[in-house]
Each structure stands twice: as C-alpha cells, then as structure tokens.
Amino acid sequence: MEIKLNDKTIELNFGVRFVRELDKVAGMSVNGQSFGFGLTKSLPALQAYDPAVLSDVIYSAAYGVKPRPTQKAIDDFIDTCDDLEKVFDEVNKEINESNAVKVAAKNMKP
C-alpha cells in the first residue's frame, strides 16, 4: 500500500516487521518488560476508526522508508486528509490480506 505524504510516496508494509514495530509503538510494557500486544490493541481501534491508532499503524508500516516519516508528519497527514474513511478502509483491507497478520485479524473478529 502507498500513501502520499508531503508530496512523497510512502510504501507501507504489513508483515512481521510491521508487527514488531507496532509492538514498540503500541504494545504493553509492565515494569519495563515488553509483552507485545500492539496488534491486539490496535485492530479493534482501527475498526472503530481511531485516528491516533491509524497514525501508529501507518508509522509502524513505514519502517522501510528512508528517511522514515515522523509521527508528527503522519498526524498532520491524517488531520488534513480529504477522505480519511478511505485511508482507514485501505489500511484495514491491507491488514486483512497480509500473510503475517490476516490470521490474527480474522480470529479477532466477532
């Protein structure tokens, strides 16, 4: 998936590395011990169209971009996006089709 951020095309990837990056941004930590759960916390929030979580997901999925866009740049993209619902739908679609994530996404659906 690609998005246009500040006139630059950004490639988003939703594989295993995305999950690891999302754990860093949105995972659980207890007494300094990381427990992951970034995906588990983020998928329901994406379904609810939470813009802060969308920002975390985009940031995590942009791990391979050099230089990586800042969280502020992604927040600004979301704040000024003409069709934010479309971005949510595309991200959810990509996640549901990603080999590394689709099983977890499927098992989290009611």
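The values are calculated or read from the model by the stated rules, or taken from the named source; none is laboratory data. Model, not experiment: these values are computed from the prediction. Because the Cβ atoms are built from the backbone with ideal geometry, glycine has one as well, and the counts that use them run over all protein chains shown. Please note that ligands, DNA and RNA were not included when accessible areas were found on the heavy atoms of the full protein model with its side chains. Shrake-Rupley method; radii C 1.70, N 1.55, O 1.52, S 1.80 Å.
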Checklist line | Hits in the stretch 64-107 - residues which are crowded, with 18+ Cβ neighbours inside 10 Å and among the hydroxyl-bearing types (Ser, Thr, Tyr) | finding: 98
Next item on the list: Mind telling me which of the residues 99, 92, 6, 13 ends up being touching a residue at least 24 places away in the same chain (Cβ under 8 Å) and on the phi > 0 side of the Ramachandran plot?
Entry: 6
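Quick one: which of 23, 76 is farther than 17 Å from residue 104 by Cα, at pLDDT 90 or above and not basic (Lys, Arg)? Spell out the reasoning first.
Values: 23 fails: farther than 17 Å from residue 104 by Cα.
Being farther than 17 Å from residue 104 by Cα, at pLDDT 90 or above and not basic (Lys, Arg) holds for just one of 23, 76, which is 76.
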Next item on the list: Check the stretch 9-20 and report whether any residue there is in a helix (DSSP H, G or I), aromatic (Phe, Trp, Tyr) and under 16 Å from residue 101 (Cα atoms).
Entry: yes
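Among what's in the stretch 16-26 and is open to solvent by 30 Å² or more (accessible area, probe 1.4 Å) and touching a residue at least 60 places away in the same chain (Cβ under 8 Å), pick the residue that is nearest to residue 59 (Cα to Cα). Even if it seems obvious, please write down each step before you answer.
We begin by selecting, within the stretch 16-26, every residue open to solvent by 30 Å² or more (accessible area, probe 1.4 Å); these are 16-17, 19-20, 23-25.
From what's left, touching a residue at least 60 places away in the same chain (Cβ under 8 Å): 16, 19.
Numbers: 16: 15, 19: 11 Å.
The selected residue is 19.
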Margin query: Contact list please: Cβ distance under 6 Å, first residue in the stretch 68-86 and without any contact (Cβ under 8 Å) to a residue 40 or more places away in the chain and over 13 Å from residue 56 (Cβ atoms), second residue surrounded by 14 or more Cβ atoms within 10 Å (Cβ to Cβ) and of a type in the set (Gly, Ala, Ser), pairs at least six apart or on different chains.
Written below: 68/62
Notebook entry, point to check: Cβ-Cβ below 8 Å, separation at least six or inter-chain, first residue in the stretch 27-41 and at pLDDT below 70, second among the small types (Gly, Ala, Ser) and assigned to a strand (DSSP E or B): which pairs?
Noted result: 35/29
Next item on the list: Of the conditions (1) at pLDDT below 95; (2) surrounded by fewer than 16 Cβ atoms within 10 Å (Cβ to Cβ); (3) within 21 Å of residue 105 (Cα to Cα), residue 52 clears all except one; give me its number.
Entry: (1)
Notebook entry, point to check: For the stretch 38-72, which residues satisfy the criterion of being of a type outside the set (D, E, K, R), more than 11 Å from the chain's Cα centre (by Cα) and closer than 17 Å to residue 23 by Cβ?
Noted result: 40, 44, 64, 71
